[in-house]
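Please read the structure below before turning to the comments.
The values are calculated or read from the model by the stated rules, or taken from the named source; none is laboratory data. Predicted, not measured: the structure shown is a model, and the values here were computed from it. Backbone-built Cβ (ideal geometry, glycine too); neighbour counts: all protein chains shown.
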Amino acid sequence: MLLRFSPYLREHRALLAGSTLALVLATLVKLLEPWPLKYIIDRVVPGMLDTPGYASQNGFVSLTSGELLALCSVAVVVIVALKAAFEYLATVGFALIGNRVLTEIRRDLFDHLQRLSLAFHTRVRTGDLTMRLISDVGMLKETAVTAALPLAVSLLMLVGMVTIMLVLNWQLAMLALLPLPLLWLSTQHIGKKIQTISRKQRKREGDMASIAAESLAGIRTIQAFSLEERVAEGFQGKNSKSLKEGVKAKKLAAAMERSVDLLLAMGLAIVLWFGTLQILAGRLTPGDLLVFITYLKNTFRPVRNYAKFSSRLAKATAAGERVIELLDEEPGVRHAASAERAPQFSGRVQFDHVSFRYRDNDPFVLDGFSLSVDPGMRVAITGPSGVGKSTFISLVLRFYDPEQGRVLLDGVDIRDLELTSLRKQIALVPQEILLFNTTVRDNIALGAEGEVTGEQIEAAARLANAHDFIMAMPNGYDTVVSERGTSLSAGQRQRIGIARASLRDCPILLLDEPTVGLDRTSEAVVIDAIERITAGRTSFLITHDLALASRCERILCLSHDGIPEDGEHQELMREDGLYASLWAAADCSEHKQGKMHVVAR
Ligand code: ADP
C-alpha cells in the first residue's frame, strides 16, 4: 500500500526527511533514558557506601559521587526534555504529512470518480462509493497518524536497543530475545485473521451505506408501498453481522495483546534469572541489569504495539485496498492522447454503421445503425420502450463507445475529440432534471460556460417559459430550491432544465422525454419552450408523444427488429409500418377533437 501511495509521499520529501530525522534523534535520546539510573546504582551508591558523604570517589570520572549524582539527576530532565522536543517535531511532522497526503488522495479519488465512465457508475452503488471516499480515506488518515507512526518509532527503538543489548552482554541478549520469534509468529497468525474479518466488515459497511443511500433516495416509494420494514430488515441484517465481525476482531486483538504480555513476562523472567546469576558471578553490574530490563520492556513494545494497533491497521489496510481498487479503475471512455479540441461545430450528426450493446453477451441494442442529420434539423426519436432511444443519446454524448462503426460530428469521429470539448457542443435536457441545493439563478447558470449576466439568465428563463413562475416564488431568482428539487413541480423543473440548456449556447440539443408526466397545461408551456429552444439547433427529441413527434421535420421510429423508419410524418404514415401502427393504436380521440395530445399505448 505504501508503494502505491509513495508518489504522494514524494511531494513531501523535505518534511518527511525532517520528521524522520527528529524521530531518529528522539529514539537515540530515548536509548539514553535508563543510563543515569545505571550510573547511580553502579557508581554513586557503591562509592557512597565505601566512603560516606558526597565527596567520595567513584572510580569512574574525576567527579565526586555528589557531583555525579547531581549530573545524573540533571541528565534525567535533559534527556526527557530533548526526547519531548524531538518527539513533538516528529509527531507534528508525520501528522502533517499524513493529513496532507490523504487530503490529496481524497481529492484525486473524487476527481477520478467523476471521470469514470457511465458504465462504471451504473454498475456500482453510490453509497459504497461515498463510503470509500469519506470513511475509508478518513480511516487511512487516522491510522496513518495514530498507529503507523508509533509503530515506526517502535521499530526504530527495537533496532537500537537490540544493538546495545548485544554490546552490553550478548549471551543475556540472546536469551532475552528468545520469545521474539514466537511472538512474531503468533501476532502474524492472529493479525491475518483480523485482517480478513476487517475486510469483510468494511465491505459490509459499504453495503450498508448503499442500502441507506438508496432507501433514503427512494423514500417516497418506500413509504408509499409500506416497504419500511423490509428495507429496515435488510439493513439490520447487515448491521448485526457487522457488529459480530467487529466483536470477533476485537476479541482476537485482545487475545493477541494478552498473549504478547505473557510472552514478555517469560522473557523478563529469563533475564532476571540469568542476569542475577551473572551479577553474582561478577560478570554484570546491577546497573547493567537495570538497563537490560528497561530495554527489554521497550524492545517488546513494537510487538505489543503491533498487537494493540493490529485491528486498526487491519481495518486501515482493508480501507486502503478499497481506495486503491477505486483509483485503479480505468475510465472506460477516454480520449486518445492525439485527441483535439472540438472547434465550434455546425451540428451535422452522423452514425456510421454503429453497433452497440451494454455487455459482451447481450444482443445488440443498435446493430449496424446509420443516420445522417443536417445542421439545425429537429429529429424526433420514438418507438416502443427498450428499443435504444436513450442509448442513442448516450452514444452522441459519448457516455459509451460503439463496438463497431463511428459516431461523427461535422464529419469528425467523436473519439478523436477531447471529451469535454465534445460535450461543450451538446446540451442535454434529461428526463429527470437534477437541481442543486442553491438559488434558481445558479441552477440555471450551471448550463453556461463561464460567467453569465442576470439578463442572460432571465432571457433563458423567458425562452423556457419559466420567468413567470420564478418571479412568483418568494425570492424570485434568488429562491433556494431544495435538494432534488422537491419544492418545484415536474413541469417547472423541466422548464428550469430547458432554460439551463438554452443558456448553453451549442449546436446540438438532446431532449429525453421532456413532456413525460406533465399535465396538459404544463405540457403546452413546455412544448412551446421546446419549439423555441430547438430552433436553429440540431435537436434530438425522444418522445412517446406522437403528436409532438409529428411536429418535427424528421421522425426516427426505432423498432426491436433493428430497422428504423426514418422520414417526416406524412411519409411514415404512408409507409404504413410501425409508426403508423403506433398512431393507430394510440388513443386518437382527443387528437380528432383538435387537441395535440396523442400517446402511443
Ligand atoms: P429506450 O430509451 O428506447 O427505452 P434504452 O436505450 O434505455 O431504451 O435501452 C435499450 C436496451 O438496452 C434495453 O433492452 C435495456 O434493457 C438495455 N439497457 C439500457 N441501459 C442499460 C445498461 N446500463 N446496462 C445494460 N443494459 C441496458
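Would you check if residue 135 is hydroxyl-bearing (Ser, Thr, Tyr) and assigned to a helix (DSSP H, G or I)?
Values: hydroxyl-bearing (Ser, Thr, Tyr): yes; assigned to a helix (DSSP H, G or I): yes.
Yes.
Quick one: count up the residues across the stretch 499-514 that are assigned to a loop (DSSP other than H, G, I, E, B) and surrounded by fewer than 24 Cβ atoms within 10 Å (Cβ to Cβ).
Looking only at the stretch 499-514, we keep the residues that are assigned to a loop (DSSP other than H, G, I, E, B), and these are 504-507, 513-514.
This time we only want the ones that are surrounded by fewer than 24 Cβ atoms within 10 Å (Cβ to Cβ), so: 504-507, 513.
So the count comes out to 5.
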Condition met for residue 122 (within 16 Å of the ligand (Cβ to nearest atom), in a helix (DSSP H, G or I) and of a type outside the set (Asp, Glu)): yes
Residue match in the stretch 68-81 (condition: closer than 30 Å to residue 44 by Cα, touching an Asp or Glu at 6+ places or on another chain (Cβ under 7 Å), touching a residue at least 12 places away in the same chain (Cβ under 8 Å) and surrounded by 15 or more Cβ atoms within 10 Å (Cβ to Cβ)): yes
First in the stretch 154-171 and within 11 Å of residue 301 (Cβ to Cβ) and in contact (Cβ under 8 Å) with a residue 12 or more places away in the chain, second anywhere and part of a helix (DSSP H, G or I) and of a type in the set (D, E, K, R), Cβ under 6 Å, 6 or more apart: 154/301
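Rundown of residues vs (1) within 16 Å of the ligand (Cβ to nearest atom); (2) touching a strand residue (DSSP E or B) at 6+ places or on another chain (Cβ under 6 Å), yes/no style:
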{"residue": "330", "(1), (2)": "no, no"}
{"residue": "333", "(1), (2)": "yes, no"}
{"residue": "354", "(1), (2)": "yes, yes"}
{"residue": "363", "(1), (2)": "yes, no"}
{"residue": "370", "(1), (2)": "no, yes"}
{"residue": "373", "(1), (2)": "no, yes"}
{"residue": "382", "(1), (2)": "yes, yes"}
{"residue": "388", "(1), (2)": "yes, yes"}
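Could you say which residue among 132, 115, 123 is more than 24 Å from residue 15 (Cβ to Cβ), touching a residue at least 40 places away in the same chain (Cβ under 8 Å) and out of contact with any helix residue (DSSP H, G or I) (no Cβ under 8 Å at 6 or more places or on another chain)? Before you say what the answer is, go through the steps one by one.
Values: 132 fails: out of contact with any helix residue (DSSP H, G or I) (no Cβ under 8 Å at 6 or more places or on another chain); 123 fails: touching a residue at least 40 places away in the same chain (Cβ under 8 Å).
115 is the lone residue from the list that is more than 24 Å from residue 15 (Cβ to Cβ), touching a residue at least 40 places away in the same chain (Cβ under 8 Å) and out of contact with any helix residue (DSSP H, G or I) (no Cβ under 8 Å at 6 or more places or on another chain).
Tell me the residue from 209, 249, 265, 254 that is surrounded by fewer than 13 Cβ atoms within 10 Å (Cβ to Cβ), at pLDDT below 90 and in a helix (DSSP H, G or I), please.
On the way: 209 fails: surrounded by fewer than 13 Cβ atoms within 10 Å (Cβ to Cβ); 249 fails: surrounded by fewer than 13 Cβ atoms within 10 Å (Cβ to Cβ); 254 fails: surrounded by fewer than 13 Cβ atoms within 10 Å (Cβ to Cβ).
None of the other options fit; the residue is 265.
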Qualifying positions in the stretch 140-154 - in contact with a helix residue (DSSP H, G or I) (Cβ under 7 Å, 6 or more places away or on another chain), farther than 15 Å from residue 87 by Cβ and not small (Gly, Ala, Ser): 140, 141, 143
Residues of the stretch 72-130 classified as over 30 Å from residue 31 (Cα atoms), aromatic (Phe, Trp, Tyr) and modelled with pLDDT under 90, total: 1
Hits in the stretch 514-538 (condition: within 16 Å of the ligand (Cβ to nearest atom) and of a type in the set (A, V, I, L, M, F, W, C)): 516
Among the residues listed as 398, 378, 357, the single one being of a type outside the set (Gly, Ala, Ser), in contact with a Leu (Cβ under 9 Å, 6 or more places away or on another chain) and free of Cβ contacts under 8 Å to residues at least 60 places away in the same chain: 357
Only one of 443, 437, 465 that is touching a residue at least 24 places away in the same chain (Cβ under 8 Å), crowded, with 22+ Cβ neighbours inside 10 Å and within 27 Å of the chain's Cα centre (by Cα): 443
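Kindly evaluate residue 195 against the criterion of being among the polar types (S, T, N, Q) and free of Cβ contacts under 8 Å to residues at least 12 places away in the same chain. Explain how you work it out, then say what you get.
On the way: among the polar types (S, T, N, Q): yes; free of Cβ contacts under 8 Å to residues at least 12 places away in the same chain: no.
No, not satisfied.
Could you identify the single residue in 511, 541 that is in contact with a Cys (Cβ under 8 Å, 6 or more places away or on another chain), aliphatic (A, V, I, L, M), within 16 Å of the ligand (Cβ to nearest atom) and touching a residue at least 24 places away in the same chain (Cβ under 8 Å)? So that I can check it myself, show each step before the final result.
Numbers: 511 fails: in contact with a Cys (Cβ under 8 Å, 6 or more places away or on another chain).
So the residue among 511, 541 that is in contact with a Cys (Cβ under 8 Å, 6 or more places away or on another chain), aliphatic (A, V, I, L, M), within 16 Å of the ligand (Cβ to nearest atom) and touching a residue at least 24 places away in the same chain (Cβ under 8 Å) is 541.
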Residue match in the stretch 394-403 (condition: away from the ligand (no atom under 13 Å from the Cβ) and not acidic (Asp, Glu)): yes
Members of the stretch 323-357 found to be assigned to a loop (DSSP other than H, G, I, E, B), exposed (fewer than 13 other Cβ atoms within 10 Å of the Cβ) and under 30 Å from the mean Cα position of the chain (by Cα), listed by number: 328, 330, 336, 337, 338, 341
Among the candidates 517, 536, residue that is of a type in the set (Gly, Ala, Ser), modelled with pLDDT of 85 or more and in a loop (DSSP other than H, G, I, E, B): 536
